[in-house]
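First up is the structure itself, then whatever we jot down about it.
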Amino acid sequence: MFKDLNRDLPASIVVFFVALPLCLGIALASGAPLFSGIIAGIIGGIVVGMASGSPLGVSGPAAGLAVIVFNAIEELGGNWEFFLVAVVIGGIIQLILGFAKAGFIAYFFPTSVIKGMLTGIGLLIILKQIPHALGWDKDVLGDFAFSQIDGENTFTEIVKAFQNITPGALLITVISMAILILWEMVLTKKHKIFQLLQGPIVVVLVGILMYYLYQSGILNFSLNSTQVVNIPVPDSAGDFFDQFTFPDFSALAMPEIWRIGLVIAIVASLETLLCVEATDKLDPHKRVTPTNRELKAQGLGNTLSGLIGGLPITQVIVRSSANIAFGGKTKMSAIIHGFFLLISAITIANVLNMIPLASLAAILFLVGYKLAKPSLFKQMYSLGREQFVPFMVTVVAILLTDLLQGIAAGMIVGGFFTLYHSYRNSHHMKEEISDEKGVKVYHLILAEEVSFFNKASVIKELDRIPPGSKVVIDCTKSVAISYDVIEAIKNFEVSAKMKDITVEKINFKDPVTN
């Protein structure tokens, strides 16, 4: 675990800087105490990182759960301690799912949809960070849905941002982007020191310096409190530990607590499994994460997070892709980032509150670009419409709805192509020939699997056989034939007599007569 520390340590610092404002933003979007996001980030990094088998996945509070959390807290009358019980229940259900080996669900998501998910998230990251890059920070950092909690949507927020540019923030963004491009395209190729000292770390340090120069009046620009990181600052160790909250288990008697816990478990598990698939595809070494172990790790993390006052946890693609983009090699980068969150929340909260959101926006621009490179669109197009159409539907749907709805849209379109193939490839009709009596003979050869989806195509094929002919229905290759199709063939036999069509069946098994 320590042999790649020279790559994992710089990556963990970048992930820490990306995760910190997102933890706070997601907590704010969820209507939860701000520190609950930090708790979830710490546990997601340290506890889930240690328990997980994912080499590059990073866990923490997820934007996809923000609306569910917000609505659940409202339903419980704003009682945060009651909601924590639901988080614990969700974690226990995830543990049960892991031991029941439910992780196989991850393997049912097609590559086109997973790549569409990554591309959609990459574009979404870029679009959502434009307002912060321009200094317009009315939306919440953790708000990754199209329709935002402030009443705006992704595109109207960008329009407002261009109407309310903060010059100081824009200057930081431009300088940060210049540093990142210089680092990426020039300096990392010049010397190994620039691979060890990642560009995003320099961007954050420069951002802190510029904020200091703004505050001290050396530069004639300014940033307000909404345009920098805003982490709770404890005055003492006692104040720090006072921010932890514990669940009120009297809520176990409430039916809605169990329902909320089940919803958290299902949504968190789906988001995690999707992220696992996506992260494994981004992994340069193409390692495969054990999905059942991941569910157990997430269950452990959510149980502990609920017990000490944290938000629900999932594996998060934004942090995971940042980890991969900036050189992470093993899960040590995720674990170390968790320790950074813990230590910084105790010791240097004041310094962290000097980091401009514009600096972090520039870093996330680079992460988004690496997920949504133009070359990927060209590659998917070259694979044909069966790959390209579900890919594009997933991308567009994620941009216009949210992650889970986007994935669902891509799966529906991908499923349509699967059914279409099944419809077309259920059988094969050989060229018509004449037997010794001069009668036209048709050979209908059924495939190995013939489902009820193929009923229409089989009936259509049989209906086009002209009167006075002979048809041979060959089931020799068939392993399973749906009863709907068997019934259709039997019905055709009856109608064929009226058309003077001779029907011969080979290896045809009728479950009623057999």
Task: When residues of segment 279-298 are limited to those that are open to solvent by less than 20 Å² (accessible area, probe 1.4 Å) and touching a Phe, Trp or Tyr at 6+ places or on another chain (Cβ under 9 Å), the one farthest from Phe70 (Cα to Cα) - done: Thr291
Task: Enumeration of residues in segment 187-208 that are assigned to a helix (DSSP H, G or I), at pLDDT below 90 and either open to solvent by 60 Å² or more (accessible area, probe 1.4 Å) or among the aromatic types (Phe, Trp, Tyr) (or both) - done: Lys189, Lys190, Ile193, Phe194, Gln195, Leu196
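Yes/no matrix, rows are residues, columns are (1) open to solvent by 10 Å² or more (accessible area, probe 1.4 Å); (2) part of a helix (DSSP H, G or I); (3) out of contact with any Asp or Glu (no Cβ under 9 Å at 6 or more places or on another chain):
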| site | (1), (2), (3) |
| --- | --- |
| Gly238 | yes, yes, yes |
| Phe244 | yes, no, yes |
| Ile257 | no, yes, yes |
| Gly301 | no, yes, yes |
| Lys329 | yes, no, no |
| Ile336 | yes, yes, no |
Task: segment 151-170, residues that are closer than 17 Å to Thr401 by Cβ and open to solvent by less than 30 Å² (accessible area, probe 1.4 Å) - done: Thr154, Glu157
Open item on the list: Go through segment 211-236 and report how many residues are over 15 Å from Thr166 (Cβ atoms), assigned to a loop (DSSP other than H, G, I, E, B) and in contact (Cβ under 8 Å) with a residue 60 or more places away in the chain.
Closed with: 6
- [ ] Could you grab the pairs with beta carbons closer than 6 Å, sequence gap of 6+ or different chains, first residue in segment 281-299 and of a type outside the set (Val, Ile, Thr), second one open to solvent by 50 Å² or more (accessible area, probe 1.4 Å) and in a loop (DSSP other than H, G, I, E, B)?
- [x] Asn292/Lys101
TODO: Would you be able to tell me the number of residues in segment 441-464 that are small (Gly, Ala, Ser) and not in a loop (DSSP other than H, G, I, E, B)?
DONE: 2
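Residues are listed down the side, and each one gets a yes or a no for (1) over 21 Å from Leu295 (Cα atoms); (2) under 21 Å from the mean Cα position of the chain (by Cα):
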{"site": "Gly53", "(1), (2)": "no, yes"}
{"site": "Val67", "(1), (2)": "yes, yes"}
{"site": "Ile73", "(1), (2)": "yes, no"}
{"site": "Gly91", "(1), (2)": "no, yes"}
{"site": "Ala106", "(1), (2)": "no, yes"}
{"site": "Thr119", "(1), (2)": "yes, yes"}
{"site": "Ile125", "(1), (2)": "yes, yes"}
Task: Residue, least open to solvent (accessible area, probe 1.4 Å), within segment 456-474, restricted to residues that are closer than 12 Å to His443 by Cβ and within 47 Å of the chain's Cα centre (by Cα) - done: Ile473
- [ ] Within segment 55-81, count every residue that is open to solvent by 10 Å² or more (accessible area, probe 1.4 Å) and part of a helix (DSSP H, G or I).
- [x] 11
- [ ] Taking only segment 22-49 into account, find how many residues are more than 28 Å from Gly77 (Cβ to Cβ) and either open to solvent by less than 10 Å² (accessible area, probe 1.4 Å) or of a type in the set (Ser, Thr, Tyr) (or both).
- [x] 3
- [ ] State the number of residues belonging to segment 314-337 that are out of contact with any Ser or Thr (no Cβ under 9 Å at 6 or more places or on another chain) and closer than 24 Å to Phe35 by Cβ.
- [x] 2
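Among the residues of segment 131-150, are any assigned to a helix (DSSP H, G or I) and either in contact with a His (Cβ under 8 Å, 6 or more places away or on another chain) or open to solvent by 70 Å² or more (accessible area, probe 1.4 Å) (or both)?
Of segment 131-150, the ones assigned to a helix (DSSP H, G or I) are 131-134.
Right, trim to either in contact with a His (Cβ under 8 Å, 6 or more places away or on another chain) or open to solvent by 70 Å² or more (accessible area, probe 1.4 Å) (or both) and you get none.
Checked segment 131-150: no residue is assigned to a helix (DSSP H, G or I) and either in contact with a His (Cβ under 8 Å, 6 or more places away or on another chain) or open to solvent by 70 Å² or more (accessible area, probe 1.4 Å) (or both).
Applying the selection to segment 18-54, what residues are assigned to a loop (DSSP other than H, G, I, E, B) and at negative phi? If you could, list the steps in order and put the result at the bottom.
Going through segment 18-54, the residues assigned to a loop (DSSP other than H, G, I, E, B) turn out to be 30-33, 52-54.
Ser30, Ala32, Pro33, Ser52, Gly53, Ser54 - these are the residues of segment 18-54 that are assigned to a loop (DSSP other than H, G, I, E, B) and at negative phi.
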- [ ] Please work out which residue is modelled with the lowest pLDDT, limiting yourself to segment 291-313 and to residues that are more than 19 Å from Leu34 (Cβ to Cβ) and within 17 Å of the chain's Cα centre (by Cα).
- [x] Thr291
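Among the acidic types (Asp, Glu) and farther than 26 Å from Leu20 by Cα: is that true of Asp248 in this structure?
yes
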- [ ] Can you confirm whether segment 37-50 contains a residue that is touching a strand residue (DSSP E or B) at 6+ places or on another chain (Cβ under 9 Å), within 29 Å of Phe377 (Cβ to Cβ) and aliphatic (A, V, I, L, M)?
- [x] no
TODO: Filter segment 478-514 down to residues that are out of contact with any Ser or Thr (no Cβ under 9 Å at 6 or more places or on another chain), surrounded by fewer than 12 Cβ atoms within 10 Å (Cβ to Cβ) and not in a helix (DSSP H, G or I), then give me how many there are.
DONE: 5
Task: Those helices (runs of 4 or more DSSP H) lying entirely in segment 346-398 with at least 1 residues in contact (Cβ under 8 Å) with a residue 40 or more places away in the chain and under 25 Å from Pro284 (Cα atoms) - done: 357-371, 374-382
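Return the residues of segment 381-411 that are of a type in the set (S, T, N, Q) and either under 22 Å from Thr154 (Cβ atoms) or open to solvent by less than 30 Å² (accessible area, probe 1.4 Å) (or both); say none if nothing qualifies.
Restricting attention to segment 381-411, the residues satisfying the condition of being of a type in the set (S, T, N, Q) are 382, 387, 394, 401, 405.
Within segment 381-411, Thr394, Thr401, Gln405 meet the criteria.
So that you can scan it fast, the table gives a plain yes or no per residue for (1) β-branched (Val, Ile, Thr); (2) assigned to a helix (DSSP H, G or I); (3) open to solvent by 50 Å² or more (accessible area, probe 1.4 Å); (4) within 14 Å of Glu277 (Cα to Cα):
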| position | (1), (2), (3), (4) |
| --- | --- |
| Phe83 | no, yes, no, no |
| Val88 | yes, yes, no, no |
| Ile93 | yes, yes, no, no |
| Ile96 | yes, yes, yes, no |
| Ile105 | yes, yes, yes, yes |
| Ser112 | no, yes, no, yes |
| Gly116 | no, yes, no, yes |
| Gly122 | no, yes, no, no |
| Leu127 | no, yes, no, no |
Open item on the list: Just to be sure before I move on: is Phe340 aromatic (Phe, Trp, Tyr), open to solvent by 30 Å² or more (accessible area, probe 1.4 Å), in a helix (DSSP H, G or I) and under 29 Å from Pro247 (Cβ atoms) in the structure I sent?
Closed with: yes
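The values are calculated or read from the model by the stated rules, or taken from the named source; none is laboratory data. The model shown is predicted, which means the values in this text are computed figures rather than measured ones. Cβ atoms come from the backbone with ideal geometry, glycine included; neighbour counts cover every protein chain shown. We work out accessible area using only protein heavy atoms, side chains counted, and drop any ligands, DNA or RNA first. Shrake-Rupley method; radii C 1.70, N 1.55, O 1.52, S 1.80 Å.
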